[in-house]
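**Q** Shown below is the structure under consideration.
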Amino acid sequence: MRKSISRCTAAVAAVLVSSAASALDLSTAGFVTYGDTQSYALALLNEQAVGSNKSGDPFYVNSTPGAIQNLVVVATGSSGTGVTTNFVGMDNAYATPSGKNGSPFFSTNTSSINTPNPNGASIVGNLSTTWDSSVSAMLSFLSGQSPIFFFNNNQINSGAASLQSLAAYAQAWITTPDGTTIYNPNGGTGVFDFTNRDSPYDVVPNGGGVPNGSVSAYSNVGGVKPPIAGDNTATDYVLSGGQLCVDSVGNFVPCSGSFFLKVNNNLGANQAAYALVVPELNAELAALAALASGGTDVSGYTLHLDIWLGCDPSIPAADVATICNGQPYGRSLNNGFEQIFIGTGNTVIQTAPEPGTLLLLGLGLAGIGFVAYRRKHANGRND
C-alpha cells in the first residue's frame, strides 16, 4: 500500500502529544556550504549543544524503517514495504547496495550498476537517470514547509579514516511541463549542486566547502552533468567524514595521535549523519506553492534528483587503490546500505529541550564546533 499524507499527519500528531517534543530546528546551526547546498553534521551539532549524541538529543534524527516510513525515501537498502514505497506522484525508493558484498558505488544515474528507475512512468517529465517527484505531490507532503534532505554514513566503523568516509555528489532541478529547467533568478542554470567544486577531496578548509558560506556565491554553469571523479587532488565528490578529530584550535589532525575532540559521524543506517538544505531550490518550491494556492495547476512540474555515492566506476582501474581506497580518505562503499530521505522540521520530531538562544557554530559536513564542548571539557582528553 502506498503512503498517504493522512498517515504522515497522524504519525506526527501522535509524537506531538509528548510535552518534551520539539521540531528539528537548524535555523541557528552552523553549516558548510558545498555549491548550492548547506550541509549540517548532526552528531557534531549534538556534541556542541548538549555534549552527547544519543536519542532525544536536539539534532538526533532516527532513520530506522519505522521512523522514516512516513517520510519520502529516495534510496534505501531496507526491504520494508512502508520504506520503499512513496506517495502517489513520486518514484519509489532506489535500492542501495551493501558495500560488504555488493557494488562499492551507487547512483540514480547508472541503471547498469543499480536497480532500474523505480515506478516513475506516470510522472510528467520522468527521467530514467533520476529520482523524480511531481511538484504537486512534493508540496502536499511538505505542507507549507521546506524540504530537508538526510543521508546516512554507513561505512566501516573502525580502523583507518580511509575506511570510514563516504564520497557524495548530487544535483537537483525542477522542470516545467515541456521539460524546460526553471531558471534560477540568482544566476546559473537552475540546476542546484551538492559539490566539492573540483577541489581536493579533503575536509575544510582544504576541501571545497565554505564554512557558513553563501549559496549565492556559486552558480552551476554546465547544467545537468555527471560529477568530475578526478583524483584526490581535484574532484566534485564531497568528503562525508566518518571519524573526524581536531586539535584545540580547530585544525583537523589524525585520530591516531593527540587530539582535542573526536566526533563520530559514521552512524550506520539507524541514525542520519547529515542534513542538507538547498535554499534556492526551496525558493522555487515556495514560488510554485504560491501559484498552486492561486489556482495554477503545477502537477506537470517535476523535481529531479541525481545522486552519486562511493567509488565512481569512471575512475581507471589502475587508480582505484590510491583514489578509492587510499589515504587519507577512501571513497568506496564498504559496509551496510546507505539511505537518503526527505523530511521537514516538523516531520522529523525530536524529544529533547530546544537549544534556546545558544549560537550553534557547528560547521556542517566537515566542520568544527567548540563553544559548548570546550566549556564542558576544558582540560581535553583522548577517549
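**Q** Quick check: anything in the stretch 294-308 in contact (Cβ under 8 Å) with a residue 12 or more places away in the chain, assigned to a loop (DSSP other than H, G, I, E, B) and closer than 25 Å to T28 by Cβ?
**A** No, there is no match, as no residue in the stretch 294-308 is in contact (Cβ under 8 Å) with a residue 12 or more places away in the chain, assigned to a loop (DSSP other than H, G, I, E, B) and closer than 25 Å to T28 by Cβ.
**Q** Go through the stretch 34-51 and count every residue that is of a type in the set (G, A, S) and under 11 Å from the mean Cα position of the chain (by Cα).
**A** Residues in the stretch 34-51 being of a type in the set (G, A, S) and under 11 Å from the mean Cα position of the chain (by Cα): 2 in total.
**Q** Take A49 and tell me if it is part of a loop (DSSP other than H, G, I, E, B) and in contact (Cβ under 8 Å) with a residue 24 or more places away in the chain.
**A** no
**Q** Moving on to the next point. Determine, yes or no, whether N335 is surrounded by fewer than 18 Cβ atoms within 10 Å (Cβ to Cβ), modelled with pLDDT of 50 or more and closer than 19 Å to G241 by Cβ.
**A** Criteria not met by N335.
**Q** Looking at the stretch 123-178 only, could you name the residues that are out of contact with any strand residue (DSSP E or B) (no Cβ under 7 Å at 6 or more places or on another chain) and either hydrophobic (A, V, I, L, M, F, W, C) or buried (at least 24 other Cβ atoms within 10 Å of the Cβ) (or both)?
**A** Hits for the stretch 123-178 are L139, L142, N152, N154, I156, A160, L163.
**Q** I would also like to ask the following. Name the residues in the stretch 299-332 that are among the acidic types (D, E) and surrounded by 22 or more Cβ atoms within 10 Å (Cβ to Cβ), would you? Even if it seems obvious, please write down each step before you answer.
**A** Here is the first cut: in the stretch 299-332, the ones among the acidic types (D, E) are 306, 312, 319.
Hits for the stretch 299-332 are D306, D312.
**Q** Of the residues A67, A75, only one is hydrophobic (A, V, I, L, M, F, W, C), in a helix (DSSP H, G or I) and modelled with pLDDT of 90 or more; which?
**A** A67
**Q** Out of the residues in the stretch 189-208 that are touching a Pro at 6+ places or on another chain (Cβ under 8 Å) and either without any contact (Cβ under 8 Å) to a residue 40 or more places away in the chain or not aliphatic (A, V, I, L, M) (or both), state the one that is surrounded by the fewest Cβ atoms within 10 Å (Cβ to Cβ).
**A** Let us first name the residues in the stretch 189-208 that are touching a Pro at 6+ places or on another chain (Cβ under 8 Å), namely 195, 202, 204-208.
Now restrict to residues that are either without any contact (Cβ under 8 Å) to a residue 40 or more places away in the chain or not aliphatic (A, V, I, L, M) (or both): 195, 202, 205-208.
On the way: T195: 25, D202: 20, P205: 16, N206: 13, G207: 23, G208: 25.
So, considering only residues that are touching a Pro at 6+ places or on another chain (Cβ under 8 Å) and either without any contact (Cβ under 8 Å) to a residue 40 or more places away in the chain or not aliphatic (A, V, I, L, M) (or both), the one surrounded by the fewest Cβ atoms within 10 Å (Cβ to Cβ) is N206.
**Q** Pull up the stretch 40-64, narrow it to residues that are surrounded by fewer than 24 Cβ atoms within 10 Å (Cβ to Cβ) and of a type in the set (S, T, Y), then point me to the one that is modelled with the highest pLDDT.
**A** Among residues in the stretch 40-64 that are surrounded by fewer than 24 Cβ atoms within 10 Å (Cβ to Cβ) and of a type in the set (S, T, Y), the one modelled with the highest pLDDT is Y60.
**Q** Can you name every residue in the stretch 179-188 that is surrounded by fewer than 18 Cβ atoms within 10 Å (Cβ to Cβ) and either assigned to a loop (DSSP other than H, G, I, E, B) or free of Cβ contacts under 8 Å to residues at least 40 places away in the same chain (or both)? Step through it out loud before you land on a result.
**A** Initially, the stretch 179-188 is screened for residues surrounded by fewer than 18 Cβ atoms within 10 Å (Cβ to Cβ), giving 179-181, 183, 185-187.
Passing the criteria: G179, T180, Y183, P185, N186, G187.
**Q** From A167, A137, A172, which residue is more than 16 Å from the chain's Cα centre (by Cα) and either in a strand (DSSP E or B) or of a type outside the set (S, T, N, Q) (or both)?
**A** Sole residue among the options that is more than 16 Å from the chain's Cα centre (by Cα) and either in a strand (DSSP E or B) or of a type outside the set (S, T, N, Q) (or both): A137.
**Q** Scan the stretch 284-298 and give yes if some residue there is closer than 15 Å to A168 by Cβ, out of contact with any Gly (no Cβ under 9 Å at 6 or more places or on another chain), crowded, with 20+ Cβ neighbours inside 10 Å and modelled with pLDDT of 95 or more, otherwise no.
**A** No.
**Q** Please verify whether the stretch 209-217 includes one or more residues that are surrounded by fewer than 24 Cβ atoms within 10 Å (Cβ to Cβ), closer than 30 Å to D297 by Cα and out of contact with any Phe, Trp or Tyr (no Cβ under 6 Å at 6 or more places or on another chain).
**A** Among the residues of the stretch 209-217, at least one is surrounded by fewer than 24 Cβ atoms within 10 Å (Cβ to Cβ), closer than 30 Å to D297 by Cα and out of contact with any Phe, Trp or Tyr (no Cβ under 6 Å at 6 or more places or on another chain), which makes the answer yes.
The values are calculated or read from the model by the stated rules, or taken from the named source; none is laboratory data. Not measured: the values here are computed from a predicted model. For neighbour counting, all protein chains shown are included, and Cβ atoms are generated from backbone atoms with ideal geometry for every residue, glycine included.
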